[in-house]
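Data first, discussion second: the structure below is written as C-alpha cells.
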Amino acid sequence: MIKKSRFFTKLKKFLLVVLGLILLFIIVLFILSFGPFDRKAEKITWGVTFSKPYTQSLEIDWKEAYVAVLDDLKVRNLRIPAYWNEMEGPKDTFYFEDLDWQINEAEKRGTEIVLSIGRRLPRWPECHIPPWIRDESEEFQQERILIMLETVVNRYKDRSSIKAWQVENEPFLRFFGICPKPDEDFFKAEVDLVKSLDPSRPIIVSDSGELSTWLTASKYGDIFGTTMYRVVPSALRGGFTTYPLPPWFYRKKANIVNKFRPLNELIVVELQAEAWASKKFIGHMTIEESNESMSLEQFRKNIQYGRDSGIGEIYLWGVEWWYWLKLQGHDEIWNEAQKLFTE
C-alpha cells in the first residue's frame, strides 16, 4: 500500500508539472499571438485559381470556361499556373500560345494576374514535369528548372497585368503530391533568380495553412500565401471532418511567425470552394457525393469564414468545377459566386 501511495504521489506531481508546462506554453503562445496582423482588412479582394489542364480533365472547353470566369463571373483577380510540362514539350522548345492567350484575355478586361511558376504548381500531381526529363537526375532537373524560370520571367515581366510571381506552390509540403523531397537551397536559388530578373514585382511564397508551421517558407518572398481548407477526409472514422479552427487562427499564426520571421503581407492563395475528391475523380462524382464536402450551404459557410478571417486578398479554389456543375444543370454555386464577384 505504501509503494502504491508513493507511486500515485509521484504520478500526481508529474501530471501537475506537465499541466503547468502546457499552461505556460499556452500563455507564451497567447502573448506571441498579438502583432501587426490583428487588424482586419476593411475590404477583401476576391480572386480564383484557373487551371487549363484541370478544366480539360473535366472534358469541357477550357477557353469557353475561362471567358465565362472573366465575363460571367466578372473575376478581376486570377492566379494562373504556368505549367512546365505544357510549356516545354521537347527540350528547349517552348510553347507559350495558350498562356499568352490567357494573359491577353485578362488584360483586355483589366484583370490582374498572379503567375505561378516553377515545377510544383497548383493541381495534382503537384509537380508538373515534362516527359522528356522525368527519368533524369534531380540535379539535371534543377538546372533545367532555372532555365525554364528565366525563360518565363523574361517573356512576361513587361506585361502590366502580372502583379506578382508565385515561385513554386507549397514548396515545403512533404507528404502531398508526386514530387522530389523539398530542397531549401534550391528553392532559395529559384527565388533569387526571379528577383534578379524582375526586382520590381513581389514574390509570393505559399504553405499549408493547417499542416505547416510556416517557419521555413516564411523566410522567402515578399508576400506569404496560406491555404485555407475547412472540410477534409477523416482518417479516423471515414467520411469528412471540419477543421476546428476559428477564422482568426491564420492572422494569429502570422503574428507568432512574425516574431521569428518577419512577414510583410498575408494572403489566402487557396480557400476551399470545391468538393474533395478522395475516392473518385471529381468529374465522376454524383451531386450527392460532392455535397458531402461542398454543398451550396458549405460554399456559403466557407465564403463567410474567409470574410471573418480578416485577410484582405483571397483566391477561391474550384472555379473550373463550378463551371462543370453549371453545365450539368447545377448552377447554384456558380450563381452564388457571381454575387460575390459583382457585389
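Laid out as a table, the results:
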read-out	value
Neighbourhood charge, 13 Å Cβ-Cβ cut-off, centred on Ser51 and excluding it, Lys, Arg +1 and Asp, Glu -1	-3
Residue order, fewest to most surrounding Cβ atoms within 10 angstrom, among Val232, Val268, Val67	Val67, Val232, Val268
Trypsin sites (Lys or Arg not before Pro) restricted to DSSP loop in the range 82-142 with at most 15 other C-beta within 10 Å	Lys91, Arg109, Arg134
Anisotropy class of the range 33-342 from Cα gyration tensor, a/c 1.5 cut	rounded
Residues His330, His284 arranged by fewest to most Cβ contacts within 10 Å	His284, His330
R0 of 30 Å, Cβ-Cβ distance Glu288-Leu245: FRET efficiency to nearest 0.05	0.65
Qualifying GluC sites (Glu not before Pro) in the range 106-162, DSSP loop, other Cβ atoms within 10 Å at most 15	Glu136
Per-residue [θ]222 nm for the chain (sum of -39500 (n - 2.57) over DSSP H runs n ≥ 4, rounded to 500)	-13000 deg cm²/dmol
Where chymotrypsin sites (Phe, Trp or Tyr not before Pro) fall in DSSP loop in the range 246-343, at most 10 other Cβ within 10 Å	Phe281
Listed residue pairs exceeding 26 Å between alpha carbons, taken from Lys74/Lys219; Lys91/Lys163; Lys52/Lys91; Lys52/Lys279; Lys301/Lys339	Lys74/Lys219; Lys91/Lys163
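Read-outs throughout are calculated quantities, based only on the coordinates presented, and are distinct from any laboratory measurement. As the structure is a prediction and not an experimental result, all values here were calculated from the model. Don't worry about glycine lacking a Cβ; one is built from the backbone with ideal geometry, like all the others, and counts go over all protein chains shown.
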